[in-house]
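Here is the structure we will look at, set down as structure tokens.
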Amino acid sequence: MTPTRVSKHHDDDHDHGAHQEPGFLGFVKRWVFTTNHKDIGTLYLTIAMVNFLLAGAMALLIRSELFLPGHRLIAPDFFNTMTTMHGLIMVFGVVMPVFVGLANWQIPMMLGAPDMALPRLNNWSFWLLPFAFTILLSTFFISGSAPNYGWTFYAPLSTKYGPPSTDFMIFAIHIMGMSSILGSINIIATILNMRAPGMKLMQMPMFVWTWLITAFLLLAIMPVLAGTVTMMLTDRHFGTSFFDAAGGGDPILFQHLFWFFGHPEVYVLILPAFGVISEILPTFSRKKLFGYHFMVYATAAIAFLSYIVWVHHMFTAGVPIQAALIFMYSTMLIAVPTGIKIFNWVATIFKGSITFETPMLFAIAFLFMFTLGGFSGLMLAIVPADYQYQDTYFVVAHFHYVLVPGAIFSAIAAVYYWIPKWTGHMYNETLGKLHFWLSTISLNITFFPMHFLGLAGMPRRIPDYALQFTDFNQIATVGAFIFGFSHLIFLYNIIQTVRGKGKKATKRVWEGAHGFEWTLPSPPPYHSFLTPPVFVEEASSHEAWDVSDHHEK
Amino acid sequence: MHTIIRKCCRWMSWMLLLCGVGSAFASKYNMPVGVTPISREIYTLHMTIFWIVVAIGILVFGVLIYALINHRKSQGHVAAKFHSSLKVELIWTIIPFLILIAMAIPATRVLMLMEDDSDADLNIKITGYQWKWKYDYLDENISFFSNLATTQDQIQGKAPKGENYLLEVDKPIVVPTHKKIRFLVTANDVIHSWWVPELGVKRDAIPGFIHEAWAKIEKPGTYRGQCAELCGVGHGFMPIVVVALDEPDYKKWVAEQKGVALKQANALEENKPLTKAELMEAGQKVYGATCTVCHQATGMGMPPAFPALKGSKIVTGDVAKQLSIVLHGVKGTAMQAFGEQLTDKDIAAVVTYQRNSWGNDDQAKFGKAAGGLVQPSEVAAARKASSN
């Protein structure tokens, strides 16, 4: 591609929105048939928000039951369906869609492209999801209980002993997997083909880089998950014995397959979050991201290592000592590239000119608490100690520390960061800060005591517990309710911003913001860049990494 | 520079104070040191890694907090221009790598120790069932099930909860101290996990496979644990109680067990008919330990997964059908085959109890087959009939 002339948005005037016919039918047709990356991004973000409130409500039911020992609100079987569905929906219905939504909105704008590479595929990959979640949630109305074996659905509890609704869960997972694969193909095609002239791979924004790597992870692991659930299906109905020792199979094979998917999946959830943080910290520190090259290498190294650590989820399941040692070492090794990322972020902030707008607050909270989650992860990697930690609340604390202030907080930060760009209006900063402080404090009240519960011997996934665990469970429940309800402030703030209540946002929005998306008006035109902008970077000069000067003539 | 040092010192002293408070309550909320060489090794490893992590945390968070306080725009700080340095990148790649090696060495050593289960003095096979444990003393020919002893009344909040709520069983596993005990762990149905924190043992119990673990208990006492792998609706209700006795006491216990087994065998041979009161009393106990998790103390069950026994067609109908279900279970449901878990007397008692509770013996309502007594001899006959 030859470099094109720098363009002004001469066509902005007649291209400001979707073509929507009048009436309710027009509204439905617009959203069902849309192939626009922004519309589809909005759809993804909306379904993620709905699922977040739903799965969050399930968590509150779990926490209510655990407020005191004894059977109180929900029966043990329903408790198990709650833990299962909370996990499945949070992973597949909240964190994955929210980052695909952010990718849809941001990647074309960050690359200087008009849209995603494959817009119709994009429409399809979204519209598979509502069907998948309808099927998954329909299991609540199927006799013999909804899925009740945890989000990891270990065989044979989910095969020979699973309720009839298991088949619906399997089908829902097939559809979600299809949606993820199609979405990944689209993202890879967009990143490799639609970059503005002059933008080399090693000049892409970090968010784009982390998504490129995530998309390859998804492509590799989703077929494994699909294969695993298909084997479950044939075990359940077609007389195979993949996971049944009585027929010559092996229940541990299920765990190997599941975690070969499951561990890279963890990085699918967190790598785009790394990308978001790498965008936000430089903006509010008014300083370029430190060690860009090493950040890219570290992300790739984490992705590679994520394929060869899966057995650390299964140390107590009885693996040969040689395997236990190898997987312990490879797991510990992940701390190196993750450490590089943390250190580079700290170095980015260091000697910056820092301000504390809401997105920055959430990004800083990410830095502190994701690191805490990383520390407990390192402890869990030590096999002998893992024998005591495995399947206790220590593990629950660990993965909630990496997923909630990790993935969820960075998604929240991303919404606060980019929503003025998307809507053309500023969100309410006071409410944003209130949301930040309430959710950050209550998050720690909820999850920090769980470390101690686990060490003191409380297993996970139990609906009732021994008396000595009462006090910390009560603290956690109180925290969970504050945490849950604090997000209603977030929802209100988003709705008000979308309705245009805040003050008008400028093109650049944030003083320290850099990148193509900030050269577009707020809100951006429907087809972002109709003529590709030219990318110019001079690494030696701080001012020149800012492309907008060339663009806003 | 001076102020930085002073600030650092002040901050460090706060951290130390926090650590002090932390260790005060650690005795309750930390991992137990335990009573075996392995559990102590694990504890030491856990604390070592913990303090390394705390040190790294103080360093990283220290720099971060310093920057957040001092490099604010509102303080008039202007952003520096640096954005890369190969030297520091290499430093913070290599140093963590070295720290990790330092962590891996003791971890490897302890792991090797844990794996060495050779030369055991005593072998106990542990089998996980939904939702109880079975212990087979392979060298002594002792075998029994261990059920939750906490009553449903306590769980449902109708009675005050005891000190060991949910951590008490009807028959604990008894082991000798100062002997190397090898546990052979497996399961009958789904995956369970046998975990006793004070022994430093957690092993997944996997149907069709046997995994090994070992312990050498140094202090007599009662050690409690729980199933650690989600195994269905009763997952939270299958505790483990280990009673460690000194050698002479243990020997006495073994002799007693053999006596009990002999007496039970004799009693079965006598096969003398039991009275309704005897059957009902024994039946209520068996029902409480075996059936209530699913079918509930009220007999109402949790339909549709766990059907009600109150007014059930099977429980108020033909005895043979009910016996067959209790003995052999219902395929494809959570109803297990209790034939191998319960004695003839237990089954006779629990079936009698079910047939005469919750108004199930109302012949006017359910017909002539309702109610009635079931004797151990009938159960034995039913067993024989089905095995032919």
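FYI, it's all coordinate maths here, none of it is from the lab. Keep in mind it's a predicted model, so treat the numbers as computed, not measured. Because the Cβ atoms are built from the backbone with ideal geometry, glycine has one as well, and the counts that use them run over all protein chains shown.
Taking the C-alpha atoms only, the angle from helix A:470-498 to the longest principal axis of chain A is near 30 degrees. With a sphere of radius 13 Å drawn around the Cβ of residue A:493, what net charge do the other residues whose Cβ falls strictly inside it have (Lys, Arg +1; Asp, Glu -1)? For residues surrounding residue A:493, the net value is +2.
Relative to the longest principal Cα axis of chain B, at what angle does helix B:344-355 sit, 0 to 90 degrees, rounded to 10? On a 0 to 90 degree scale, this one is about 80. Please list, or write none, the lysines whose alpha carbon is within less than 29 Å of the alpha carbon of residue A:504, excluding same-chain residues fewer than 8 places away. Residue A:504 reaches A:8, A:38, A:287, A:288, A:421, A:433, A:553, B:73. Charge tally around residue A:246: other residues with Cβ under 13 Å, Lys/Arg +1 each, Asp/Glu -1 each, net -2.
How large is the translational diffusion coefficient of chain A in µm² per second when you combine the Kirkwood radius over alpha carbon pairs with Stokes-Einstein at 4 °C and 1.567 mPa s? It comes out at roughly 53 µm²/s.
Modelled spin labels at residue B:212 and residue B:158, positioned 7 Å past Cα toward Cβ, are 4.8 nm from each other. A cut-off under 10 angstrom between Cβ atoms defines the neighbours of residue A:421, and their net charge, with Lys, Arg +1 and Asp, Glu -1, is +1.
Quote the relative contact order of the stretch B:272-387 in percent (integer), defining contacts as alpha-carbon pairs under 8 Å separated by 6+ residues.
30
With a Förster radius of 30 Å applied to the beta-carbon distance between residue B:278 and residue B:318, the computed FRET efficiency rounds to 0.80. 3J(HN,Hα) couplings calculated from phi for the stretch A:219-236 with the Karplus curve 6.51 cos²θ - 1.76 cosθ + 1.60 (θ = phi - 60°) are, in sequence order, 4, 7, 9, 4, x, 5, 4, 4, x, 4, 5, 5, 5, 4, 4, 6, 4, 6 Hz; Gly and Pro show x. Under 5 Å from the amide H of residue B:169 lie the amide H atoms of B:149, each residue being 5 or more positions distant or on a separate chain, with H modelled from the backbone and absent for Pro and chain starts.
Evaluated on the stretch B:82-139, the Kirkwood hydrodynamic radius is 16.3 Å, with distances taken between all distinct Cα atoms. Shielding of peptide A:449-459 by partners, expressed as the average count of other chain Cβ atoms within 10 Å per residue Cβ, is 5. For peptide B:71-80, the mean count of partner chain Cβ atoms within 10 Å of a residue's Cβ comes to 6. Between residue A:32 and residue B:69, the FRET efficiency from the beta-carbon distance, with R0 = 51 Å, is close to 0.50. Entry note: the stretch B:122-266 has Rg to Rh equal to 0.97, where both radii use alpha-carbon atoms and Rh is the Kirkwood radius. Each Lys and Arg Cβ is given +1 and each Asp and Glu Cβ -1; about its Cα centre, the protein assembly as shown then shows a dipole of about 1800 debye.
Relative to the longest principal axis of the Cα atoms of chain B, the long axis of helix B:247-270 makes an angle of roughly 30 degrees. Length gained on full extension, residue A:53 to residue A:131, computed as 0.36 nm times the residue gap minus the Cα-Cα distance: 26.3 nm. If you model the stretch B:234-331 as an ellipsoid using its alpha carbon gyration tensor, with each semi-axis the square root of five times an eigenvalue, the axes come out at 33, 21, 12 Å, biggest first. Across the stretch A:349-363, coupling constants 3J(HN,Hα) worked out from phi with the 6.51/-1.76/1.60 Karplus curve, θ = phi - 60°, read 5, 4, 6, x, 10, 8, 10, 10, 6, 3, x, 5, 4, 5, 5 Hz, and Gly and Pro carry x. With θ taken as phi - 60° and the Karplus curve 6.51 cos²θ - 1.76 cosθ + 1.60 applied, the whole-hertz 3J(HN,Hα) list for the stretch A:240-257 is 7, 9, 4, 10, 10, 4, 4, x, x, x, 8, x, 6, 4, 4, 5, 4, 5 Hz, x standing for glycine and proline. Considering only alpha-carbon pairs that sit under 8 angstrom and 6 or more positions apart, the relative contact order computed for the stretch B:84-139 is 21 percent.
Give me the percent relative contact order of the stretch B:122-266, please, defined on Cα pairs under 8 angstrom at least 6 residues apart.
Here the relative contact order equals 26 percent.
Taking a quarter of the surface of the Cα convex hull of the stretch A:367-427, what do you get in nm²?
Computing the convex hull of the Cα atoms and averaging its projections yields 4.8 nm².
The modelled label-to-label distance for the pair residue B:86/residue B:328, using points 7 Å beyond Cα in the direction of Cβ, is 7.7 nm. For the peptide B:153-161, the mean number of other protein chain Cβ atoms found within 10 angstrom of a residue's Cβ is 3. Enclosing the Cα atoms of the stretch B:272-387 in their convex hull gives a volume equal to 97 cubic angstrom per residue. For chain B, a Gaussian network of Cα nodes joined below 10 Å ranks B:102, B:205, B:349 by mean-square fluctuation, and the top entry is B:102. In this structure the amide hydrogen of residue B:79, modeled in the peptide plane, comes within under 5 Å of the amide hydrogens of A:353, none closer than 5 places in sequence on its chain. Taken over chain B, the ratio of Cα radius of gyration to 2.2 N^0.38 Å equals 1.38.
Average 1/r across all pairs of distinct alpha carbons in the protein assembly as shown, invert it, and you get the Kirkwood radius: 30.3 Å. When DSSP beta bridges are restricted to pairs lying wholly in the protein assembly as shown, around 70% turn out antiparallel.
Using 5 Å bins from zero, what percent of all Cα-Cα pairs in the stretch A:72-119 falls into each bin? Percent of Cα pairs in each bin: 5, 18, 16, 13, 11, 10, 8, 6, 6, 5, 2, 0. Were the residues from residue A:200 through residue A:240 laid out at 0.36 nm apart, the gain over their Cα-Cα distance would be 9.4 nm. Based on the Stokes-Einstein relation at 10 °C and a viscosity of 1.306 mPa s, and on the Kirkwood radius from alpha carbon pairs, the stretch A:409-464 is assigned a translational diffusion coefficient of 114 µm²/s.
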